[in-house]
Structures are given as C-alpha cells and as structure tokens.
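The values are calculated or read from the model by the stated rules, or taken from the named source; none is laboratory data. Since the structure is predicted, the reported quantities are computational estimates derived from the model, not experimental observations. Heads up, the Cβs are rebuilt from the backbone with ideal geometry, glycines too, and the neighbour counts pull from every protein chain shown.
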Amino acid sequence: MIALPPPKPEILARRDAIVAALRAIVPGEGVISAPLELKPYETDGLTAYRQPPLAVVLPTSTEQVAAVMRYCHANGIRVVPRGAGTSLSGGALPLADAVVIGLMRMNRILEVDYDNRLAVVEAGVTNLGITAAVAERGFFYAPDPSSQLACMIGGNVMMNSGGAHCLKYGVTANNLLGVKFVTVEGEVVEIGGRHLDAAGYDWLGLITGSEGQLGIVTEVTVRILPSPEGARAMLAAFRSIEVAGAAVAAIIGSGIIPVALEFMDRPCIHACEAFAHAGYPLDAEAMLIIEVEGSEAEQDMLLGRIREICGRFDPISLRVAQTAEESAAIWKGRKGAFGAVGRISPDYLCMDGTIPTSELPRVLGRIAEMSRAYGLQVANVFHAGDGNLHPLILFDANDPESTRKAEAFGADILRLCVEVGGCLTGEHGVGVEKRDLMGVQFLPHELAQQRRIKGAFDPDWLLNPSKVFPLEGEGAAPALTARAA
Amino acid sequence: MSAALLAPDSEEEVARAVAAAAAAGEPLAIEGNGTKRALLRPVQAARTLSTRNLRGITLYRPQELILSARAGTPLPEIEAALAEHGQHLIAEPPDTRALFGAELPATLGGVVAANLSGPRRIAWGAMRDHVLGVRFVNGAGEVIRSGGRVLKNVTGLDLCKLLTGSYGTLGVLTEITLKVLPAPEATGSVALRVPDLATGVRALAAGLGSPFGPTGAALLPEGAPAFGLEGTTALLRIEDFAPSVAYRLDRLRALLAPLGAPRLLDAETSRALWRLVREASLLGAAAGEAIWRVSVPPTAGPAVAAALRGAFAARLLLDWGGGLVWVAGPATEAAHAAVTAAARAGGGVWTLFRAPEPLRAAVAVLPGEPPPLAAIAARVKAALDPKGVLNPGRMRAGA
C-alpha cells in the first residue's frame, strides 16, 4: 500500500474552529463535517484507498473558492480539490488533515458562443453536460473519457483527460481556450481567454494535467466542434495479436486516421461478449473496433479502404456496420468492457500505461507471462492508434494477498511500459497510485525540477499533497545550483 | 547582436556551456539559426549560444506518427523526411525567412521555442499541441527530459508545453519529439468575395461551424489579384482524400452561395495561395515596417482591423477564422500603442513580431501578466534558471 503523510496534529486539534470558519465563508449546506456525511468523500475511482478528510466544502462561486483558499493558506491547511471523484489514480483521495474543496455545486453553463465556437462553463459541469448543451446546434465537446456521464470538466482539466476519440480530436489540453484559476494564496487569475494561443508562457498548458498541484480551476472556456455528418464502426478480428498490430500499422500507414481505433484481446473479447452479446468472434486472439466519420459516401469509402487493408491480414471476421444501429451494436461490448470484467471478477485494477504501438505484441506477450507468474488474470483493452494500454487486472480486494499481488503486477506492467519507451500514464494521471513509480520514468534531478516548478506555484506544498511526487520529495526541492562544469 | 558565438555540437557541451555561464553569472543569448532575432525584445548578452550544430533526425516512425530531431535541425530537412513518407508537420509552421530577411532556414528548436503555427492551427492545433517530448538544458546546466515519444502521456507536469513558446528563457531545447500526421491526398479551396471583413468572418464561421472540416479559414482584405481574386476575399481550405475534397468543397460552396458567388480553387492554386497566407507575404510589409500578430476571438477580428485602419496606414491579413490578425505598419510607438489597445479591446493578445531594435527595446512586445501570475512567472523562471542567464529580457524587460 502507498503511504500517506502523517496528519498535522495542530490542524486536527483545530478541527471545530476550521469548520466554523469555513461555514462563515460558505453558509448553509456547503460545509460537511459529520463523519457519516464525509463517507462519500473518503475515496474516488481508486477505491482501494480510503481516508475521510477533515471537512468538505462545496462552494458555489469562484469568490467562495478564493476565500476558502485564502483561509486555508493563511492557516497552513492542506487542500484537496475534487470534481465528481471519478479519478482512477486517486487524484482526489483526501488526507485526514485536509479540506476537500468540491466543485460539484459550480455546475452552470455560463455562455455558449457559436460564432467563436466556444463554451464558458463552471468546473462542476459534467463532460457530457457540455455536449448536451450544444448538441441541438450540431456541436459537441470532443474529449470523451469513459466516465463522461459523471466526470466534471474541472477534473478533466486537472487530469488532462483523454478518451476513445482522441486519436483524431486530441485530449483535454488540445480543446481548451482558457481557465479561471485560483492560486494557493486565493488570488483569482484569468488564464488564456477566448482566443487561440498564449502570448507568453503557456500557463494553460502547464496547468492542464497538473493534478491539482498548482491551483484550482473554477471556470473553463472550451472549444466546441461541429459534429460530423455521421460515423460508423467496423469490427475486424484476427488470429494473433501480432497480426492485429500489423493491421493497425497498415491502416495508419495508408494515411487514414480513424476517429477511434480500439483493440481488445481474447480475455476481454470473452468477458465483453458474455456481458453484452455483441456478436464478437470468440475464436479471435485480437479484435479491432475502427470508427470513421463523414457523409455516408465518405464512410463507405474509408470503411472500404480499411476493410481492404484488414483483408490482407487473414482476418477471422470483418463486420462493417451498415447503419447507426449496427455501429452501436459493435461498440456495445467495448463500452461495457469495464462492467463486463467487473462481472467475472470481484475487483479489478485498471492500468493506463502508454507504449510505442510497434511494441504491442512484445508487451502483451510479457503481460501474459506476468499473468501466469502472479496467478492473476488480465484482460486488455487498448487505444491502438495512440498506444494507450488499459490492462484490467482481476483480483479479490477482500484477500490481502490478492490485492498485494495485483498492485505488484500493475507496477510491473508500468515499469515495462517505460522500459519499451512509453510512460506510466496516458490519461488517468499519476495521482497517489503511480506516485512511487515516478522514479522509474524520471531521474532524481528531473523530479526535483518538476518539484521546484510545483513549489513556484505552491511554496508551502498545501495543494493536493501526497500525489504525483514521491513522498520523500515532498516539500520544497533543494534550490537549483549550477552543476559542476 | 552578440559578439561571441558558441555553437556546441552535443547536448553535453550545451550543458557545460550553460553551467559555466551560470557559474560566472554571464547571460547568454539563445538561438538556433538566428532567423527570428528581430522577433520580440533584443537580448543584452556578451555571448550567443546556438543549437545550430545539434542536427539530425534521431527517430522517425511513420506508422507511430512520431518524429524526434535535434533542436538545430533545419525545418526543411524535417519536412523533406516527412514528405518521403507522405506525412507532414501538423501545425504547418510558417517559413519566416522572407519576413525576417533571413538566409538560413528556421530550426525545429526555434519554431518550437516560438510556438509558431500556420493556417492549419484552426483545425488541428498549434505547435504546442504536437510537442510530445523535449530534452532541454536548464539554466543550471542540467539536462531535463519531459514527455516522451508516445502520443498520450500525462506523467508529471507538462514541461513540454511550458518550454514551447518560452523563447529560450526557461531552457535550451536540445531535442524535440513531435506528433506528425499523414499529409492529405488532395486539397482545394473555396473563395468568396465579400463586401466587408465582418461578412467575411461570418462566411468563415459558417464553414468552420459546418461538418465539412475546413483546415484553413483566412480573410484577405485586398484579395489576391495575382490569383484573380479581386477585393476582400474569404478563403476556406479542405485537405483530405480526393473524393472527400471534391464533396466537401461542393458543400462549402453551397453553404456560402447565399453570401455571394463562391469560386472553387484547384489544388495547385490553393497550395500556392495558402503558402502566401502561411508566410504572411500577402501582408506586403515593406522593409523597415513593423509586423504584429494579434490573436482575438474570431468575431473580434474585424473590429481590430477597423481600429487599426483608423489609427495608421495598416495593412492586414486575417487567418484562423478571423482570430489571427497580421498587421503591418510604421515602426512607431504610436502604432504599437494602437495595436495593443485594439488587441485589448478585442479581448485578445499581441506579439510584436518584427520591428527595428529601438522599437522592440522600448515597448512591451507581449502583453503583461496580472500581478499574481507575474509573481508565479518570476518564481518559475528562478526554478529553471536561477541565475537568469538564459535569454534575459527576450520576452519582457527585466524578466
């Protein structure tokens, strides 16, 4: 298990006074301190870790967030920002002496500007809520994490969330114009705006994906895009992982960038089929779901070309959707993949490393070996176009030995991702989960550099502590001095 | 400019040079081929450190959509390697040789350090959106890596974006990994003569708000007579497979028909014309004139243009749907003040892109930052360059 820093006793001792002070800032139901009511906030999507916070505050305005930050900063109180609490890496895991600032009551869509193709929304608006607000005019917000029904845009910004369609549309960072940002001192700063690109340092780019380490985002200006005329999927199943990987390379090599390109291995195909009855081929070792966009004729052209390419790789089956319904049927299994795996195992860990796509056969082969060695099953779903791997490790959380093995297995997979030229996390974030593996990807002086930048925003290390950076580096990094020449 | 030029041919030597400069407290001007010396503020440094000898593509995997190259690699060398595999640089960075009167081509490091993007930015993102990994030397002479060589990566703080567009003030870029994409099979454009800029922006918005995916949306205030385009002209570009280009151009033409008489431009004409937009040569800036880039919400573009035409003999070119206003005019503080006022009124930002040294030294070449952010900026600069030896004053006086 991953260690959390010891709570500051002087903060715990002042709990009642702190709660009273927060109530003065956010009146009414906006401050939660009763143990039973804190329960829903003790964990996030990484449910293996639980820790009730000192208190939860639910502001309704940027001004309230700023006032809470000013108070916490003046009193040396740690702060954990939280959106919907869907983080799979423990990004919103509280600490015993921390105040959770929950942004879920800041859920207004402030403005939609179709002429400039943008929407200004509060941080607690859900990802899908943005698309819902602009769909009637034929627009959508592109990044689509699996949790998009629940997850909030403020959390998406903090974690730089991706999704199945980011091969074409990019991740959160590529779809933002500006944010309203509250510093640790409680100052409110507008970063970016309604125009493209910064004149000066790219603060927006640095803040996006910073996992609550630099400040709190309360408002977001996102780009909205016109929806395509239509989209359709096809399914291609192959006899081996290598062959499916070669087919992916051939599709990309032909100049086609499908809007989505999803890969499932045999255990995943079986789990999804048992759950969704999507008609997946059970004799396949690997299956691709490939989606294209455009007019009917354009979809036919692209799917025809992809079908022809896949045909060269001796496929077990090729199924091209002719209608939106057939397309939805192909997606049904994939979209339910996590739920399907949840049915065959009491618990699973969802990993999130990225690898160079050419390393896919080697990596999946090694994962299979590890699976045998650990005695734990694994099912793989994979954003094949961009190399973002999601191995689901099946285990039993009620069995401490099974839990320990699952965590060790996961860490081994992530080490492997780095070893083959990839990274620890493609879209879920480091959080608490991968914090202690940062030294696998970065050298000590590189981590020290990142810590110094964090310290430039948050000199007292009050913002979302115990995440991202290994605990031994917590606090101000040593000052940078010129190395010996 | 600086007298002594250091041009190491390894990253290790760059690190040594910076460490020595930091130890001595002697600032360095940082550049690649020095093509953009007339961009932003002049640097007062006795010596210049150039990455021009860090050359070469170090990794290119077309089927993984990634390319890594050393910072001093000339851009044309990278473009040629990509073209061999039918790929291209997504953000279409402009070749600024003509604007700056430079003989050498820009380097990859220079283009990334300036976050320069061309017309395709409106559809596919800026340079900063495609920088997947960097290696750089910080102001203490340490080699730091951020990002990597994969398309999706959220491991740790995104120093790639912080370094991109930091003009060599936070670190000396030594190697960069970019996402690249297949180059389109075909291209073409629709041109529409419009009575005024506001109508032009509406025409571009109609195209950009349609499902047909234009990858260029520019407004030429004086048209392009050499291409038979007289008068103010709105221009929308499609890049895709040939059947899609034909179909989408046809649909855009139908979409614009209520606003006038749209014309189709074939691939060759379209390519030639968009090159002139990309390089801003359509601006027709005279030698000695200043050039600004103003970025505002697209609907504010016409008001910025009107304000500047009222202030001086401004020549203009609008890209990015109307949101990027290229401005050419007299290199005076009065003209600069008019540009900054118009950018502010339009809710956007400005960059003094080219000017004689006295003007660049005298004015704010970039907008200032609100005090809380300026304080953070100073601490971030100190976190990366504690002795302040990297390109001091390049972006803002005293920073």
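Just one of the listed residues (B:59, B:67) is out of contact with any Gly (no Cβ under 8 Å at 6 or more places or on another chain) and within 12 Å of chain A (Cβ to nearest Cβ), and it is B:59.
The residues listed here are B:360, B:354, B:379; of these, the one that is more than 9 Å from every other protein chain (Cβ to nearest Cβ) and in contact with a Pro (Cβ under 9 Å, 6 or more places away or on another chain) is B:360.
No other residue among A:240, A:210 is at the interface with chain B (Cβ under 7 Å from one of its Cβ atoms) and touching an Asp or Glu at 6+ places or on another chain (Cβ under 8 Å) apart from A:210.
Residues are listed down the side, and each one gets a yes or a no for (1) closer than 20 Å to residue A:158 by Cβ; (2) modelled with pLDDT of 95 or more:
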site: A:59; (1), (2): yes, yes
site: A:76; (1), (2): no, yes
site: A:85; (1), (2): yes, yes
site: A:88; (1), (2): yes, no
site: A:93; (1), (2): yes, yes
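Identification of strands (runs of 3 or more DSSP E) wholly contained in the range A:308-427 with 1 or more residues that are in contact (Cβ under 8 Å) with a residue 12 or more places away in the chain and touching a Ser or Thr at 6+ places or on another chain (Cβ under 9 Å) yields A:347-350, A:378-383, A:388-395. The set of residues in the range A:148-174 being within 11 Å of chain B (Cβ to nearest Cβ), among the hydrophobic types (A, V, I, L, M, F, W, C) and either in contact (Cβ under 8 Å) with a residue 40 or more places away in the chain or in a loop (DSSP other than H, G, I, E, B) (or both) consists of A:158, A:159, A:166, A:167, A:171. Within the set B:193, B:149, the sole residue that is surrounded by fewer than 24 Cβ atoms within 10 Å (Cβ to Cβ), assigned by TED's automatic domain parsing to the domain that holds residue B:376 and in contact (Cβ under 8 Å) with a residue 40 or more places away in the chain turns out to be B:149. Scanning the range B:371-399 for residues that are of a type in the set (D, E, K, R) and under 22 Å from the mean Cα position of the chain (by Cα) yields B:394, B:396. Of the residues making up the range A:60-95, those that are in a loop (DSSP other than H, G, I, E, B) and either among the polar types (S, T, N, Q) or surrounded by fewer than 17 Cβ atoms within 10 Å (Cβ to Cβ) (or both) are A:60, A:61, A:75, A:76, A:86, A:87, A:89. Tell me, please, whether a residue that is touching a Leu at 6+ places or on another chain (Cβ under 9 Å) and of a type in the set (D, E, K, R) can be found in the range A:217-227. Yes - at least one qualifying residue is present in the range A:217-227. Take the conditions (1) in contact with a helix residue (DSSP H, G or I) (Cβ under 7 Å, 6 or more places away or on another chain); (2) part of a loop (DSSP other than H, G, I, E, B); (3) assigned by TED's automatic domain parsing to the domain that holds residue A:28; (4) not hydrophobic (A, V, I, L, M, F, W, C); residue A:145 misses just one of them, which is (3). Give the residues of the range A:417-460 that are within 17 Å of residue A:386 (Cα to Cα) and more than 7 Å from chain B (Cβ to nearest Cβ), sorted by residue number. Answer for the range A:417-460, where residues must be within 17 Å of residue A:386 (Cα to Cα) and more than 7 Å from chain B (Cβ to nearest Cβ): A:417, A:418, A:420, A:428.
Taken over the range B:345-359, residues that are surrounded by fewer than 21 Cβ atoms within 10 Å (Cβ to Cβ) and in contact (Cβ under 8 Å) with a residue 60 or more places away in the chain amount to 3.
Of the residues making up the range A:23-36, none is hydrophobic (A, V, I, L, M, F, W, C), crowded, with 18+ Cβ neighbours inside 10 Å and more than 14 Å from residue A:99 (Cα to Cα). Among the residues of the range B:149-169, just one is of a type in the set (A, V, I, L, M) and more than 8 Å from every other protein chain (Cβ to nearest Cβ), namely B:163. Would you point out the residue of the range A:355-383, among those that are within 15 Å of residue A:285 (Cα to Cα) and of a type in the set (Gly, Ala, Ser), that is surrounded by the fewest Cβ atoms within 10 Å (Cβ to Cβ)? Per the criteria, the residue is A:365.
Confirm whether residue B:192 is in a strand (DSSP E or B), more than 11 Å from every other protein chain (Cβ to nearest Cβ) and farther than 30 Å from residue B:86 by Cβ. Spell out how you get there, then give the answer.
Working: in a strand (DSSP E or B): yes; more than 11 Å from every other protein chain (Cβ to nearest Cβ): yes; farther than 30 Å from residue B:86 by Cβ: yes.
Spelling it out, residue B:192 is indeed in a strand (DSSP E or B), more than 11 Å from every other protein chain (Cβ to nearest Cβ) and farther than 30 Å from residue B:86 by Cβ.
Within the range A:244-276, being within 15 Å of residue A:360 (Cβ to Cβ) and away from chain B (no Cβ under 13 Å) holds for A:244, A:262, A:263, A:264, A:265, A:266, A:268.
The residues in the range A:179-205 that are surrounded by fewer than 24 Cβ atoms within 10 Å (Cβ to Cβ), facing another protein chain (nearest Cβ under 9 Å) and within 21 Å of residue A:451 (Cβ to Cβ) can be counted, and the count is 2. Scanning the range A:99-114 for residues that are part of a strand (DSSP E or B) and either within 14 Å of chain B (Cβ to nearest Cβ) or surrounded by 15 or more Cβ atoms within 10 Å (Cβ to Cβ) (or both) turns up A:99, A:100, A:101, A:102, A:109, A:111, A:112, A:113.
Of everything listed in (1) closer than 21 Å to residue A:201 by Cα; (2) without any contact (Cβ under 8 Å) to a residue 12 or more places away in the chain, the single unmet condition for residue B:29 is (2).
Looking for whichever is within 14 Å of chain A (Cβ to nearest Cβ), over 21 Å from residue B:118 (Cβ atoms) and free of Cβ contacts under 8 Å to residues at least 12 places away in the same chain here; the options are B:302, B:243, B:258, B:225. Which one fits?
On inspection, the qualifying residue turns out to be B:243.
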